[in-house]
């Protein structure tokens with residue numbers, strides 16, 4: 001058996017998965033701060049502590065990196081969403097809000113995307129549309145099971161739930177103007193989560209217009 005070769009002190013041990021994750025984390029920060037158009041690959045590489053050539057080795061180009069960030073975050077958020085969705089989407093509204101509080105970079109990235117894309121094509125459109133359709137079907141199922149009010153289109157309920165959960169983080173300046181607090185303030189988050197718990201009753205069948 002050949003003798004083990006000791007690595008010199010301070011030698012860097014390559015870990016492709018860890019390197020890839022560092023790049024994705026740095027890219028999310030850069031894209032959320034500057035949008036796709038303003039983001040700089042060099043800045044991402046420096047934050048990830050690699051050179052640009054290594055970044056291109058993993059993701060080919062800036063667009064490929066952006067798609068990878070979207071794919072990773074969408075999968076991560078869908079997994080968390082599915083962990084509480086079966087108990088009832090209305091009841092899960094405060095959790096969806098908290099998810100956005102914990103994922104402010106993602107919210108800012110989507111806000112930039114809205115500004116820079118307009119009515120144009122969206123990156124990863126088939127995957128994103130597929131995930132939205134899955135949620136629409138889940139809402140329709142919960143309507144049939146009596147967990148959600150049946151008198152609204154699933155797509156509209158989906159839009160309403162998503163809007164309530166994302167609004168404070170997407171438009172923090174309005175939160176500050178209206179409440180005097182920033183959306184990352186723990187006091188605001190507690191109070192708004194309680195408000196969502198109360199409001200969620202409006203999405204359940206018991207609150208359907210009583211004639």
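The values are calculated or read from the model by the stated rules, or taken from the named source; none is laboratory data. Keep in mind it's a predicted model, so treat the numbers as computed, not measured. Virtual Cβ from ideal backbone geometry, glycine too; neighbours counted across all protein chains shown.
Structure above, values below:
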item	result
Residue within the range 38-58 that is over 16 Å from the mean Cα position of the chain (by Cα) and at positive phi present	yes
Per-region count, the range 170-190, residues exposed (fewer than 13 other Cβ atoms within 10 Å of the Cβ) and either modelled with pLDDT under 95 or in a helix (DSSP H, G or I) (or both)	7
Single residue of 23, 44, 50 found to be more than 22 Å from residue 102 (Cα to Cα) and crowded, with 17+ Cβ neighbours inside 10 Å	50
Failed item in (1) in contact with a helix residue (DSSP H, G or I) (Cβ under 7 Å, 6 or more places away or on another chain); (2) under 25 Å from residue 197 (Cα atoms), with residue 102 passing the rest	(1)
Residue among 37, 90, 75, 85 that alone is at pLDDT below 95, more than 22 Å from residue 113 (Cα to Cα) and assigned to a helix (DSSP H, G or I)	85
Considering residues of the range 59-75 that are crowded, with 17+ Cβ neighbours inside 10 Å, in contact (Cβ under 8 Å) with a residue 40 or more places away in the chain and farther than 20 Å from residue 133 by Cβ only, the residue farthest from the chain's Cα centre (by Cα)	65
Scan of the range 40-72 for residues that are in a loop (DSSP other than H, G, I, E, B) and farther than 25 Å from residue 126 by Cβ, ordered by number	40, 49, 50, 51
Enumeration of residues in the range 112-129 that are in a helix (DSSP H, G or I) and within 13 Å of residue 70 (Cβ to Cβ)	112, 113, 117, 125, 126, 127, 128, 129
Checklist (1) surrounded by 12 or more Cβ atoms within 10 Å (Cβ to Cβ); (2) without any contact (Cβ under 8 Å) to a residue 40 or more places away in the chain; (3) under 30 Å from residue 33 (Cβ atoms) applied to residue 154, failing item	(3)
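Here is a yes/no grid of residues against (1) over 22 Å from residue 28 (Cα atoms); (2) surrounded by fewer than 12 Cβ atoms within 10 Å (Cβ to Cβ); (3) under 16 Å from the mean Cα position of the chain (by Cα):
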{"position": "103", "(1), (2), (3)": "no, no, yes"}
{"position": "106", "(1), (2), (3)": "no, no, yes"}
{"position": "110", "(1), (2), (3)": "no, no, yes"}
{"position": "113", "(1), (2), (3)": "no, no, yes"}
{"position": "116", "(1), (2), (3)": "no, no, no"}
{"position": "122", "(1), (2), (3)": "no, no, yes"}
{"position": "129", "(1), (2), (3)": "no, yes, yes"}
{"position": "137", "(1), (2), (3)": "yes, yes, no"}
{"position": "144", "(1), (2), (3)": "yes, yes, no"}
